[in-house]
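Student: After the structure tokens below, expect a handful of questions from me.
All of the numbers you see were taken from the coordinates with simple rules; none came from a lab. As the structure is a prediction and not an experimental result, all values here were calculated from the model. Using ideal geometry, Cβ is built from the backbone for each residue, glycine included, and neighbour counts are taken over all protein chains shown.
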Amino acid sequence: MRKETVRGAKWGHSLPKLLVGSLLLLLVCFIFFYTGKGRDQHDFSHLYTKRGDRIAYFDFTGSGLFTQTQIQKVSHMLATKLYGNAHPPSPCARATEELIEEARELILDWLFVEQEKRDDYSVVFTDGATEALRTVGEHFPWTKESTITYSILNHNSALGIREYARIHNATIKPFRHEIEEIPMPTNKSANNLLVFPAECNFSGKKIPLSLIEEGHRKGYRVMLDSAAYVPTNPLDIVKSGADYACTSFYKVFGYPTGLGALIAKKSSTTDFQKTYFGGGTVKTSFADPPVAFLYQNFEERYEDGTRNFLAIASLKFGFEELEKQGGMQQISEKVWKTTEILYEKLTSLTHPNGRKKVEIYGSHEKGPEYQGGVITFNLLKPDGSYLHFVDAEQQIESDGIVQLRTGCMCNPGACYELTGVNVKLLLEHAERNEHICVPESRREIGGVPVGAIRASLGWATTLEDVDILVERIGNVMM
């Protein structure tokens, strides 16, 4: 009896120690999972091979990455409640409409639109930034007195707007913002449009948002292509003064794809000219007589057909992921620090004869005000000539562990300007109907490759990714 009492006493004394030990173990597991590699391997399990090797993903300008937590929340939402087409007045339609309006508010929150300014802006859902740009080009009130001016650093989707201006015999004026001012329109009183990207998708160069104010002074409305900028930078749309801006949400947080938005000042859309109408954009229509009455509300008027409502409902989980990272300012700072480290490592790579191995295009030495989280480059041989980016890419990505982007990235102006390709010779090749922007052609003009390699970073990029990429580039055989 006495021995049993002693054993019981020992057990009683050891119980607190066991509890403390268990709590410490749980704490270690928590720290590992939520702040270290454990959480990374859970949320980004698609970044790991079956062998457990991490894939160094460097195409965040092409597409962001979703997290497993994000997708699980989407799946749970779809599995636990019925959502239907928002056009009829059914209960499931009302539930959908509530989520759509909530998503519009989340987008305005993300763009720092204060409550008292909400009525000044419209959020029109599109299938991506390209459709948002096209919507402005198609419905802008062009006349033959109009002028469109645009930065040569624009993506093709923004350059395409000029074709609507051309149809109306408007004046077309490209410009280079670093060496010249925004050109004056032919008629300052006409409906004129300035188009430029907040960040060049080819090189990551940032264009000063002060161009918006300059454009307004000269008589332009301003279309800001913010698709490459907003995934890693905070954008205060009101403070910027832009009349129109656009985004693709898969570039921001990976999922959903096929969904973007046009964010527009209502005062800058009152004279837009709509021709086509689809389901949901008309109050009343007739087959005979051929008459239709469209909604006046900009969002209802321009969202033709059934909106991608399940994708729209999924947006809130993407925005939650941004908040988990500390918000856009913290994301921006983290991405820049990682970019800076990669830049320093790449610029230090040299051949045995002392010549540099990497030629980088951008404004990295000026800092994050002028440069985004992108490093676009070509590799140089020991004699200073170029190794074609296709040959370099094949070595770097040989086993699929590194993922990059090559070519001109759908941005001919930036590509030709920064690489120094002879545009006159390039035009001669194009007029002969040759494929000059297909990387596999290994096209060179005067010894200069028509394109480059782009490494674009995001909030999920790690220093481990940086080391993997630098090692691969350092080992490229010339």
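Student: Consider all pairwise Cα distances in the chain and report the whole-number % of them above 43 Å.
Tutor: Counting every Cα pair in the chain, those more than 43 Å apart make up 25 percent.
Student: Also: Report the relative contact order of region 328-474, percent, no decimals, based on alpha-carbon pairs under 8 angstrom and at least 6 residues apart.
Tutor: Relative CO of region 328-474 lands at 28 percent.
Student: Moving on to the next point. For region 183-278, run through the chymotrypsin sites (Phe, Trp or Tyr not before Pro) and keep only the ones in DSSP coil with at most 11 other Cβ atoms within 10 Å of their Cβ.
Tutor: Y276
Student: Using the crude model of +1 on Lys and Arg Cβ and -1 on Asp and Glu Cβ, and no other charge, please compute the dipole size for region 352-466 relative to its Cα centre, in debye to 20.
Tutor: With Lys and Arg at +1 and Asp and Glu at -1, about 260 debye.
Student: DSSP beta bridges in the chain, what fraction antiparallel, as a percent rounded to 5?
Tutor: Antiparallel bridges: around 60 percent, rounded to the nearest 5.
Student: Find how many whole Å separate the alpha carbon centroid of region 138-205 from the alpha carbon centroid of region 329-384.
Tutor: About 30 Å separates the Cα centre of region 329-384 from the one of region 138-205.
Student: Right, another one. Could you pull out the trypsin sites (Lys or Arg not before Pro) across region 49-115 that fall in loop regions by DSSP (anything but H, G, I, E, B) with no more than 14 other Cβ atoms inside 10 Å?
Tutor: Passing both the DSSP loop test and the Cβ count: K50, R51, K81.
Student: Which ³J(HN,Hα) values in Hz, rounded to whole numbers, follow from the phi angles of region 465-478 under the Karplus curve 6.51 cos²θ - 1.76 cosθ + 1.60, where θ = phi - 60° and Gly and Pro get x?
Tutor: 4, 4, 5, 4, 5, 4, 4, 5, 5, x, 9, 4, 7, 8
Student: Over 19 Å between Cα atoms, which of K117/K188; K205/K334; K50/K73; K337/K357; K239/K316 qualify?
Tutor: K117/K188; K50/K73; K337/K357; K239/K316
Student: So what are the radius of gyration and Dmax for the Cα set of region 328-474, in Å?
Tutor: That works out to 15.8, 49 Å for Rg and Dmax.
Student: Between the DSSP loop rule and a limit of at most 14 other Cβ atoms within 10 Å, which trypsin sites (Lys or Arg not before Pro) in region 365-451 are left?
Tutor: Filter output for region 365-451: R432, R442.
Student: Of L310, S248, Q72, whose Cα points farthest to the positive end of the dipole of the chain (charges on the beta-carbon: +1 Lys, Arg; -1 Asp, Glu; origin at the Cα centre)?
Tutor: The residue sitting farthest along the positive end of the dipole is Q72.
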